[in-house]
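Before any comments, here is the structure.
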Amino acid sequence: MRKKKKIEVYALGRHISLSADKARRVIDQIRGCSYEKTLMILELMPYRACYPIFKLVYSAAANASYNMGSNEANLVISKAEVNEGTTVKKLKPRARGRSYPIKRPTCHITIGVKDISLHDEYDEYEQIYSLKKPRWKNKYTTTVYPDMYSIGGVWDKK
């Protein structure tokens, strides 16, 4: 029996002190992109969430090159997900003996990287590239109105 070669490699970051919604804002931008394009996007984005995600993408690429021996130019971000972690709860003392709760959210980030040179079909790469969500949908259609001035219509009445 022949062993099946591993195609996808993961990097997992747990208990990152960051809100899951803020991390998802960055993750949605890099899902389905190539490795080199992802690094450029993460370096230029102005969010605090970019640095831990940058480290995870770099770690996933290092895992791929060490475990599979793949080249970094052939890597594509195939899976990128953010889950909510535990919430650190503290109490801050306030005036008149009261206390105020402080919640520090954490998240778990998973980055999956695929090597497109190991795939036989080109369709698989297209499927990975289609994982990227569209930024906007064309929900506004242009309507063409007839020329109201030449018809007369409203302007004929005195």
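The values are calculated or read from the model by the stated rules, or taken from the named source; none is laboratory data. Keep in mind that this is a model prediction, so the values were computed, not measured. Cβ: placed from backbone, ideal geometry, glycine included. Neighbour counts: every protein chain shown. Heavy atoms of the whole protein, side chains included, go into the accessibility calculation; ligands, DNA and RNA do not. Shrake-Rupley method; radii C 1.70, N 1.55, O 1.52, S 1.80 Å.
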Note to self: Between 58, 66, which is open to solvent by 100 Å² or more (accessible area, probe 1.4 Å), under 26 Å from residue 23 (Cα atoms), modelled with pLDDT of 90 or more and outside any strand (DSSP E or B)?
What the structure shows: 58
Note to self: If I ask for residues that are touching a residue at least 40 places away in the same chain (Cβ under 8 Å) and surrounded by fewer than 20 Cβ atoms within 10 Å (Cβ to Cβ), which ones from region 34-50 would you list?
What the structure shows: 34
Note to self: Could you tell me how many of the residues in region 12-30 are under 12 Å from residue 80 (Cβ atoms) and open to solvent by less than 40 Å² (accessible area, probe 1.4 Å)?
What the structure shows: 5
